1. According to a simple spin-label model (label point 7 Å from Cα along Cα-to-Cβ), what is the distance in nm between A:Thr234 and B:Glu184?
2. Compute a Gaussian network model of chain A, connecting alpha carbons closer than 10 Å, and tell me which residue from A:Phe73, A:Phe269, A:Phe201 fluctuates the most.
3. Which of A:Lys27, A:Lys249, A:Lys278 moves the most in a Gaussian network model of chain A with Cα springs under 10 Å?
4. For chain A, what is the mean residue ellipticity at 222 nm derived from helices alone (per DSSP H run of n ≥ 4: -39500 (n - 2.57); sum divided by total residues; nearest 500 deg cm²/dmol)?
5. Between B:Thr16 and A:Glu298, what FRET efficiency comes out of the Förster formula 1/(1 + (r/R0)^6) with R0 = 30 Å and r the beta carbon distance, rounded to 0.05?
6. So if we plug the beta-carbon distance of A:Leu35 and A:Asp158 into 1/(1 + (r/R0)^6) with R0 = 35 Å, what FRET efficiency do we get, rounded to 0.05?
7. Under the rule of at least 5 residues apart or a separate chain, name every residue whose amide H is placed under 5 Å from the amide H of B:Val135.
8. Mind checking the range A:64-165 for trypsin sites (Lys or Arg not before Pro) that DSSP puts in a loop (not H, G, I, E or B) and that have at most 16 other Cβ atoms within 10 Å?
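Derivation of every value follows stated rules applied to the coordinates shown; laboratory data play no part. Predicted model, so just to flag it, every value in this text is computed and none were measured. Here the Cβ is made from the backbone with ideal geometry for all residues, glycine too, and neighbour counts use every protein chain on show.
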Amino acid sequence: MHFLRTVSVIAIAAFAVTGAAAQTADKSADDTEQLRITALEALASAPPEKALPIADKVLRGDYSKALKKRALFILSQVETPEAQQMLLDTAKTGSEELRSEAIRMIGIGGDPAALAGLKEIHASGDADVREAVLEAYLIADDAESVYQIAIDAKNAKDEDEFEEAVNILGAMEARDELRRLRDQLGSSEELINAYSVAGDFESLRELAMDNTKPEQQVHALRGLGVVGGERANTTLLEIYRATDSPDVKEAALEGMLISEYDEGVLLLFRESKDAGEKQRLLRTLVNMDSDAVMEIIESTFDGAQ
Amino acid sequence: MITEDTLLLYHYEELTSGEREQVRLALARDPRLAAEYRQLCDELGRWRDVPAAPVADHVRRRWVDAIDRAARNAPGKVVVRRTVPRFWLAGLGVAVAAAVAIGIAIGVRLQEQQDPGLSSDVPLAGIGNAAVTAVPASFTRGLLVHLEDSRREITGLPVTDEASRVALTLQLIEQNRLFEHAAEQSNAPNLARVLRAFEPILLRLAREDIAPQDAEALREQLAFELNVMLTKLSAAPSESAETI
């Protein structure tokens, strides 16, 4: 505990330095700023009753934006309602730059009440604030809130925000929420991309097998390539063999290329009796840097194929 | 142990005199090895006897290209995997996404590498958190090293050298993501959130069009946050649960 008292004393002393120090030479000002930053760092080990007043003082005082941002990070690490309220207040009424940073810190803190407070901030905020709120939900792993933003954006016909929210859900691997979006709003290119990023094999397989919507099918086949793995590879192979559509065949092949499934392409090469198709498959293998290429080259000149 | 590769090098006189002597002695002592070597010589002799067929230039170019590609993908090289890199890939350019993906699969089994014999759980929570969560000590130690390395890299990040900045930042993102996953699996959501929050900052730093002063500001903020986390984690075993 002695260490903690020392830290607090150092921090208080650092912020007791008056404005006079800042008016001296640049070097001195830099030194003062550095001392204050170091003091804030040390606050990470201090109890909340010591850390909060200093952070509050920095946020309210005539200190640099850089210092205020650091104080916000300290607050994110203080798990008390007071600290979270200070972050929310800054997120609502701070300067533009500090608002975004405070929102990020609410995400880091992960406090449910503070996260709930972001809804109001999102609703009334400009594009930067709204983006910061989405990012905070991502940091806090709050997929339900992102889902709600996606639904609201769709209802408000704000396609940009819908796409951003869907991308975030993909990045969060929030498969349930993405499936709920498809159930409610139907499929879209944005959703298919998000399924790929989220690794949702089942949804992509379903879309890739549906030949009533060729464009969607093509996107889903590429998405399966991004997901990769045995199940995705087998599906790509099955669809390639089953379809007569050149576009679908090409997309399935692209999927195999993305997935680096050279064994599948080699299998198709060996199965094919069509010279044009064999050429396409061989080119794909070359593009994939497949070891099988040399084998094919040798056997081609042996006349074995 | 004399391998086939060594025998091949012996045949083509590519070994040092000492190595040649070792192989010669082994061949004299080991009839099976000697038989293997004879077989290898026979096979090589058969290849030598095959008349060389003229090869068209365009075919030769493709062979050379294929061999070059094979060499680039030789074992030991880092290969791009696609199965893991999902987090944050949304919204990234293809080049950045591919670069972020590099090597991620290599270190995913972070926890498996940790020695279970070393683990003694330590309490870890935020300042003033009453609900103390047990986090494996081995994870905490690994994270400390990661944060320290990241802090050093960030501090020395060449802000004005764009290519180096982007490359180094992408490396940091890969490593950071590994620890973020490990934090989730180690019952440390607080740490997972902090690590997750580093990533957008790192991605901004990796942008090629960022102004040097903006990059500098981001770098300094990130270095501060890393320092704070280092302070917290370092204090964890010796301080009370309420303080960290």
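1. 2.6 nm
2. A:Phe269
3. A:Lys27
4. Computed mean residue ellipticity for chain A: -25500 deg cm²/dmol.
5. The value I calculate is 0.35.
6. Calculated transfer efficiency: 0.15.
7. Distant-sequence amide H within range of B:Val135: B:Val122, B:Leu124.
8. Passing sites in the range A:64-165 are A:Lys157.
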